[in-house]
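Any read-out appearing in this document is the output of simple, stated calculations on the displayed coordinates, not a laboratory observation. Fair warning: this is a prediction, and the values are worked out from it, not measured in the lab. Counting neighbours? That spans all protein chains shown, and the Cβs are built from the backbone with ideal geometry, glycine included.
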Amino acid sequence: MIYRSEPMGEIKLTAEGNLEISKEWENWMGGIAAQNRLVSPGMRLGNEGRTVKPGNIITNGPYAEVKEIVGGLSIFRAESIEEALELANNCPILNAGGNVEIRDIIQMNG
Amino acid sequence: MYQAEAFLLMQEKELIPYLYRTEFRKITAVLCRSLGIEHISIAEDLVGDTFLLAAETWGLKGIPQNPAAWLYTVAKNKAKDLLKRNTLFSQKISPQIQYTTDDKHEIEIDLSAQNIQDSQLQMMFAICYPGIPPEAQIGLSLRILCSFSIDEIADAFLTNKETINKRLYRAKEKLKQDNVQIELPPEKEIDKRTENVLTTLYLLFNEGYYSSNNNAVLRKDLCLEAMRLTHMLTENETTNKPAVNALLALMCFHASRFEARIDSKGELILYEDQDIELWNRELIAQGERYLNKASTGNYLSKYHWEAAIAYWHTTTNNETEKWQKILSLYNQLLMAEYSPIAALNRTYALSKVYGNEDAIIEAEKLKLDNSHLYHCLLGELYSDVDLQKAIEHLQQALKLSRIAADKKVIKNKISKLGKLKNV
């Protein structure tokens with residue numbers, strides 16, 4: 001699952017707010033892990049970044065030309081896209097104006 | 001000195017079993033180390049014979065002044081005789097085999113306290129060898145490291161002597177085949193190998209704590225032996241790792257409820273219904289000390305989370321904070337490593353924080369229909385929401401459960417809910 005949302009710019013969250021958010025994520029992810037469907041919690045991405053294009057063109061930030069940025073990604077185990085949709089149902093990013101993209105993973109051999 | 005004095009107060013009848021429990025494992029470990037892993041059975045027999053001889057002669061001639069030293073000397077001489085015969089045998093029959101070739105070489109069997117300690121530790125690493133199945137590792141640990149008799153091991157596993165004998169025989173053969181060395185693993189392998197040892201000690205403890213056996217004394221013995229062996233690991237600088245301390249902390253916290261969780265009739269008392277006064281404060285404090293010692297390094301083992309969870313279970317002053325912490329720790333534990341038990345316990349903690357209705361939704365996603373504990377949990381969660389459903393789940397749990405103590409608890413719960421329903 002790929003979590004997307006609008007870039008938040010300067011993140012101004014109180015410590016308490018942050019705690020509340022991470023608890024939400026932890027409970028959601030813990031619930032998926034409890035179903036033995038978590039492969040990797042993955043990682044959260046920060047706001048710092050560059051985009052490299054052919055011809056040595058480098059632009060600032062991961063979000064120079066897009067409205068949304070990828071905020072992180074995790075890997076889950078599901079039998080079907082439908083099952084994955086169920087897992088995504090309560091994803092905390094949905095309460096923060098973001099969205100979740102569900103993709104299958106192509107197994108690489110060797 | 002103290003020991004020798006304690007002996008004086010004991011009669012031969014109780015002295016020999018006592019010495020068997022404390023000394024068998026020490027002498028066996030030292031002999032195994034001298035004779036090599038391929039001769040575990042011979043070492044066991046030699047020490048067994050030594051105790052037989054003690055039983056015969058002490059009855060006639062009286063108890064020697066220092067009974068433990070007597071045993072050491074006799075076992076040592078038996079082992080030396082055997083080694084001499086073996087040397088002779090190997091020199092005559094197959095001179096090309098070059099073990100103990102030097103005629104003048106006297107085999108030293110060192111029964112100093114330090115060598116006894118070292119040998120036991122090294123044996124622990126040899127026995128907790130991933131090439132043999134976990135139940136064989138536990139069985140062999142009980143035999144070689146804890147001086148359990150085959151009968152006692154059979155009792156602990158609720159099976160018969162033959163099964164255990166076969167199991168241990170196969171395990172010893174495998175150790176011989178794979179040429180497992182009786183030594184501490186090299187520095188770069190120590191973490192990985194310690195993990196194997198901890199898994200076995202953890203299972204040994206659980207065998208006692210959650211056992212299906214009704215013999216409360218035996219169960220407590222298993223737990224105490226697991227704690228003793230884990231403690232031995234903390235006493236050696238090489239093996240005194242954070243994960244070892246975390247496991248020992250976990251064991252202390254659990255063990256602190258020994259007296260509170262089983263009633264005078266040997267029946268299980270659930271956590272919620274326990275008399276807090278019976279919790280052992282000294283063990284809780286010890287657990288805290290080990291948990292503090294575990295808080296170094298940058299790697300968290302599953303024992304760290306489990307110990308932290310067990311720690312919060314011993315607290316009583318803030319129920320809200322307690323269950324929030326427990327839920328959070330279970331979330332993290334599950335993210336690191338899934339287990340059905342952790343999934344069920346997490347859901348129970350969730351009910352304590354967010355209420356039964358939310359927890360029921362989460363519980364039903366777990367799909368552990370074949371587990372009696374899953375139905376117990378749903379029975380518990382539904383008991384405030386839908387009595388009929390609660391009873392149905394508990395009846396399902398009763399059908400699936402194989403543990404007498406659990407069955408009793410479930411039956412009590414059903415009859416309690418049945419009465420409520422009829423009001």
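Spatially close Lys pairs in region B:130-253, defined by Cα atoms under 29 Å apart and a spacing of eight or more places or different chains, total 22. The simple spin-label model puts a point 7 Å past each Cα toward its Cβ; for B:Lys84 and B:Gln388 those points are separated by 8.5 nm.
Residue order for B:Ile37, B:Ile42, B:Ile326, fewest other beta carbons within 10 angstrom first, comes to B:Ile42, B:Ile37, B:Ile326. Neighbour counts of other Cβ atoms within 10 Å put B:Ser351, A:Ser22 in the fewest-to-most order A:Ser22, B:Ser351. If you bin all the Cα-Cα distances of chain B at 20 Å, starting from zero, the percentages per bin are 22, 50, 23, 5, 0. Principal-axis analysis of the Cα atoms of chain B puts helix B:404-422 at an angle of about 10° to the longest axis. To make sure I understand the rule: partners must be lysines, Cα under 28 Å from the Cα of A:Lys53, and not fewer than 8 residues away in the same chain. Which ones qualify? Cross-link targets: A:Lys67.
Once the C-beta distance of B:Lys416 and B:Ile276 is scaled by a Förster radius of 22 Å, the resulting FRET efficiency is 0.50 to the nearest 0.05. Taking the C-alpha atoms only, the angle from helix B:302-313 to the longest principal axis of chain B is near 50 degrees.
Helix B:372-382 and the longest principal axis of the C-alpha atoms of chain B enclose an angle of approximately 30°. Bridgeable lysines around A:Lys23 (alpha carbons under 16 Å apart, same-chain partners fewer than 8 residues away excluded): B:Lys322, B:Lys325, B:Lys352. Model label points for A:Glu68 and B:Ser41, set 7 angstrom from Cα along the Cα-to-Cβ axis, are 6.8 nm apart.
For the pair B:Thr199 and B:Leu60, label points projected 7 Å from Cα toward Cβ lie 5.0 nm apart. What is the log10 of I(q)/I(0) for the protein assembly as shown, computed with the Debye formula using one identical point scatterer on each Cα and no solvent, at q = 0.07, 0.08, 0.10 Å⁻¹? At q = 0.07, 0.08, 0.10 Å⁻¹ the computed log10 ratios are -0.55, -0.69, -0.97.
Residues considered: B:Ile27, B:Ile182, B:Ile361. Largest GNM mean-square fluctuation over chain B, using C-alpha springs under 10 Å, is found at B:Ile361.
Decide, for region B:294-423, between rounded, prolate and oblate: order the square roots of the alpha carbon gyration tensor eigenvalues as a ≥ b ≥ c, take rounded if a/c falls under 1.5, and otherwise choose prolate if a/b is larger than b/c, else oblate. Since a/c reaches 1.5 and a/b is larger than b/c, the shape of region B:294-423 is classed as prolate. Which FRET efficiency value, to the nearest 0.05, is calculated for B:Gln117 and A:Lys53 with the Förster distance at 45 angstrom and r the Cβ-Cβ distance? Efficiency computed from Cβ-Cβ geometry: 0.10. With a Förster radius of 41 Å applied to the C-beta separation of B:Asn240 and A:Ile21, the computed FRET efficiency comes to 0.60. Listing B:Tyr348, B:Tyr210 from fewest to most neighbouring C-beta atoms within 10 Å gives B:Tyr210, B:Tyr348.
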